[in-house]
Amino acid sequence: MTSTFTSPSGEAPHAAPPPAVAATGVSKVYGSGDAAVRALHEVSVGFARGAFTAIMGPSGSGKSTLMHCLAGLDTVTSGRIVLGDAEITGMGDRQLTMLRRDRVGFVFQAFNLLPTLTAEQNILLPLELAGRRPDRAWFDQVVDVVGLRDRLGHRPSELSGGQQQRVACARALVARPDVIFADEPTGNLDSRAGAEVLGFLRASVREMGRTIVMVTHDPVAASYADRVVFLRDGAIVSEIVRPTPDAVLDRLKSLGA
Ligand SMILES: Nc1ncnc2c1ncn2[C@@H]1O[C@H](COP(=O)(O)OP(=O)(O)OP(=O)(O)O)[C@@H](O)[C@H]1O
Ligand SMILES: [Mg+2]
């Protein structure tokens, strides 16, 4: 073997960059004794930086549990979670709260907007709570990507479901988190509004270099991602890179979902 392809330290020259967030041998058991439910079993998976990954699987397969463990919203029973350069398993509540505030963004099925605040105030709220000054140029870029420029003064009740979810996406993006976690972000939207939100999520990955991990039941939604991983009974059982809706549907069928 020539030394051309080996760095002086002996490392592979094209080693993949470290993932934005990774689980190694993660198991999660809820409850104990007869009531114990094993939600995750020895899950090892990494989510690449600057990529959009979907997590799919039957109801109860552990999708939300995996996402909550990855995001520091729930603790693991065993195994490790590394987010960026930080091992979050073993962190205390205070550290986890700061990590979630500074490095993680969330988008849920329910939009979770504050009804008395305008769209702009909702978007800026996390920064305000963190005592951080908004970067106006970045705010403007986010608002333009989500297409909310002319809706900034509106309250949630004055916005459509799709627009409310775009406000929630903008709120997750504006703090420039390392990873955005989205659990069924289009679950409450009709297909047109869902397509808008998905298009915007994909644009935030392509154009703004964000990292997104999204749980979905919908093969069309999953096809917006760069990669789909499939969970069954708390374990990763399959994956598809550059998914199409048909390929996702076929795989779900073959997995008995
Ligand atoms: N807080 C909890 N206490 C006890 N069991 C739980 C808890 N949360 C989840 N579970 C169980 O863990 C398993 C995985 O649940 P999880 O919510 O991760 O599934 P999911 O894949 O997100 O399902 P869905 O598609 O229905 O949202 C299920 O059997 C569920 O009942
Ligand atoms: Mg779930």
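Residues considered: 251, 206. Of these, the only one that is surrounded by fewer than 16 Cβ atoms within 10 Å (Cβ to Cβ), touching a strand residue (DSSP E or B) at 6+ places or on another chain (Cβ under 9 Å) and without any contact (Cβ under 8 Å) to a residue 40 or more places away in the chain is 206.
Here's the yes/no breakdown for (1) at pLDDT 90 or above; (2) within 15 Å of residue 67 (Cβ to Cβ); (3) within 16 Å of ligand 2 (Cβ to nearest atom); (4) of a type in the set (Ser, Thr, Tyr):
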| site | (1), (2), (3), (4) |
| --- | --- |
| 158 | yes, no, no, no |
| 172 | yes, yes, no, no |
| 175 | no, no, no, no |
| 179 | yes, yes, no, no |
| 185 | yes, yes, yes, no |
| 197 | no, no, no, no |
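Considering each residue of the stretch 77-95 in turn, at least one proves to be among the aliphatic types (A, V, I, L, M), away from ligand 1 (no atom under 13 Å from the Cβ), more than 28 Å from residue 207 (Cα to Cα) and in contact with a strand residue (DSSP E or B) (Cβ under 6 Å, 6 or more places away or on another chain).
Among the residues that make up the stretch 74-82, is at least one of them within 16 Å of ligand 2 (Cβ to nearest atom), modelled with pLDDT of 90 or more and under 24 Å from residue 176 (Cα atoms)?
The answer is yes; a qualifying residue exists.
How many residues are within 16 Å of ligand 1 (Cβ to nearest atom) and either among the hydrophobic types (A, V, I, L, M, F, W, C) or in a loop (DSSP other than H, G, I, E, B) (or both) if we restrict to the stretch 183-217? Matching residues across the stretch 183-217 total 10. Checking residue 101 against (1) at pLDDT 90 or above; (2) closer than 25 Å to residue 200 by Cα, which single condition isn't satisfied? Residue 101 satisfies all of (1) at pLDDT 90 or above; (2) closer than 25 Å to residue 200 by Cα except (1). Are any of the residues in the stretch 120-127 in contact (Cβ under 8 Å) with a residue 12 or more places away in the chain, in contact with a strand residue (DSSP E or B) (Cβ under 9 Å, 6 or more places away or on another chain) and either more than 30 Å from residue 82 (Cβ to Cβ) or outside any loop (DSSP other than H, G, I, E, B) (or both)? Yes.
The values are calculated or read from the model by the stated rules, or taken from the named source; none is laboratory data. In this text, all values refer to a predicted model and were calculated from it rather than measured experimentally. Glycine gets a Cβ as well: all are built from the backbone with ideal geometry, and neighbour counts include every protein chain shown.
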